1. Taking H placed 1.01 Å from N in the peptide plane, check which residues at least 5 places from A:Ile184 or on another chain put their amide H under 5 Å from its amide H.
2. From Cα pairs below 8 angstrom and at least 6 apart in sequence, can you work out the relative contact order of the range A:2-89, rounded to a whole percent?
3. Taking other Cβ within 10 Å of each residue's Cβ, how do B:Glu131, B:Glu146 sort, fewest first?
4. For the range A:108-166 and the range B:67-120, what is the separation of their Cα centres, given in Å?
5. Is the shape of the range A:170-209 rounded, prolate or oblate, going by the alpha carbon gyration tensor and its root eigenvalues a ≥ b ≥ c, with a/c under 1.5 for rounded and a/b larger than b/c for prolate?
6. How far is A:Gly243 from itself in the other copies, in nm, if each label sits 7 Å out from Cα along the Cα-Cβ line, shortest first?
7. I'd like the mean, over residues of A:209-221, of how many other protein chain beta carbons sit within 10 Å of each residue's own Cβ.
8. For B:Lys178 and B:Ser67, compute 0.36 nm times the residue count separating them, minus their Cα-Cα distance, and round to one decimal in nm.
Number of protein chains: 2
Amino acid sequence: MGQIYEALKHAIREKDAVALITEVQGPNPGAKVLASDEQVVGSLGDSNLDRVATAKALDMLQHGAISTVHYGPRGEEEGTEVELFIQSFAPPPLMYVFGAVNLASAVVRIGKFLGYRVTVCDARKVFATKERFPEADEIVVQWPNEFLETAKVDRRTAICILTHDPKFDIPLLQVALKTKAGYIGAMGSRRTHQKRVDNLVEAGVSDEELDRIMAPLGLDIGASQPEEVAVAVAAQIIANRNGRPGGSLKHSDGRIHAKPEPEKVPG
Amino acid sequence: MGQIYEALKHAIREKDAVALITEVQGPNPGAKVLASDEQVVGSLGDSNLDRVATAKALDMLQHGAISTVHYGPRGEEEGTEVELFIQSFAPPPLMYVFGAVNLASAVVRIGKFLGYRVTVCDARKVFATKERFPEADEIVVQWPNEFLETAKVDRRTAICILTHDPKFDIPLLQVALKTKAGYIGAMGSRRTHQKRVDNLVEAGVSDEELDRIMAPLGLDIGASQPEEVAVAVAAQIIANRNGRPGGSLKHSDGRIHAKPEPEKVPG
């Protein structure tokens, strides 16, 4: 138990996103699991229950949710014998905006609207200024790839590459693709992106990795003004996180809201 | 000519969106056309050129654009003999948010982000307050359908119905469907909306009219938090305006940005 609280304190200090699962009712009341993308500490006394509860908690962590859930003693979804209290300790998710271009201001503002901690990074110090991006939480004058090498990135992180210049884009994308970032979007026409892809393939990047890059950037809504492009990007970030296609709900027939479901376990 | 300036002054006073087309080079230098959704005043001396230039100007008006364009003397797209200067006189587009619910605050904020003049309307005065919606330009305590009966609505107007109560929704939708509003979105599950549709059909609303209602509201991005739903709505408003499907640009192959094209005219 001490180990769990040590790990929790460490996570909070390091601003890591973690979920704490506590068994409220069931065979092991008080049992705890601390789960993050990196590690799982502790056990509820059954490996299947641990697995199901951890998957649920990590999904809830994406939304910073707190809730009580019920399972069977071995994690059966239809069971009710075990009551778990799941708490998310989730600092604001991180958004990195590379390229202090005009569009970046709108992307920063919509990032703040969605609750991100937003960093703008550009190697050119005349552009990367607090005056141009008053809403940004942090402004970094550094080569984008060098900055991202050491920056904190987790599954909730959104990386928006607006640099639009192969000199910055190619090394930056190579670093970005090594991270767990939930969203990697890169500005540019289809032709620009095709050239980027050719360069990245030459540099040894795999098709699977390339497929993570959202380019052209954003949903297909005909955005032209900076604020419209920012909305197209924000909508794509949310859609990606939830595995949704992004067309009109009017013309689809699935669930309206994202509801993370634990994996089904044979009873 | 005097007639055009009278009409322009009137439009600006009434906050109507109008475009002024001036022939800079061509057979009739100085000739002018004033175009709005309601009327076209003046002529460039050729009915085809008038038609093409007016269509172009009305599309530009959607984005408040100002630009120089070239056509042939009869509006031929590939022609260059006629140079037209097109100016938009477009006040901020209007967004009406009906239902002073919690979600409304996020919709108001994204409406402001996109440059709308935003009005919140609700019959319940305890909810429709400046304290709850500090960013709104106007707060109206009135029955939604009665308010919309006399409110200004044009093609650029977005109507967001978040009331979620048939008592308000049904009469409000009946009024909304009689307007030219470019976007009519209504909150609610598929079942709620099916009931609404049944009620509206009973009230004599046609299938074509019903098809204008965006419900469930927003693009299919799995939005759950209010800010996420607001992004889904904003993205749908932009997509609707540009006749785009939503979906990721990554998986489509058309134009990235909306570029209103004048109708093709036989040369």
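The numbers here are math on the coordinates, done by the rules we state, and not lab data. Being a predicted model, the structure only gives us computed values, none of them experimental. Note that each Cβ is placed from the backbone with ideal geometry, even for glycine, and that neighbours are counted across all protein chains shown.
1. Here A:Ile159, A:Met214 satisfy the definition.
2. In percent, rounded to a whole number, it is 31.
3. Values: B:Glu131 6, B:Glu146 15.
Neighbour counts put them in this order, fewest first: B:Glu131, B:Glu146.
4. Rounded to whole Å, the Cα centres lie 29 Å apart.
5. Numbers: a/c = 1.93, a/b = 1.22, b/c = 1.58.
Here the range A:170-209 falls in the oblate category.
6. 3.5
7. Numbers: counts 0, 0, 1, 0, 1, 4, 3, 6, 4, 5, 16, 16, 17.
Counting other chains' Cβ atoms within 10 Å and averaging over A:209-221 gives 6.
8. Values: separation 111, 0.36 × 111 = 39.96 nm, distance 3.28 nm.
Computed gain between B:Lys178 and B:Ser67 is 36.7 nm.
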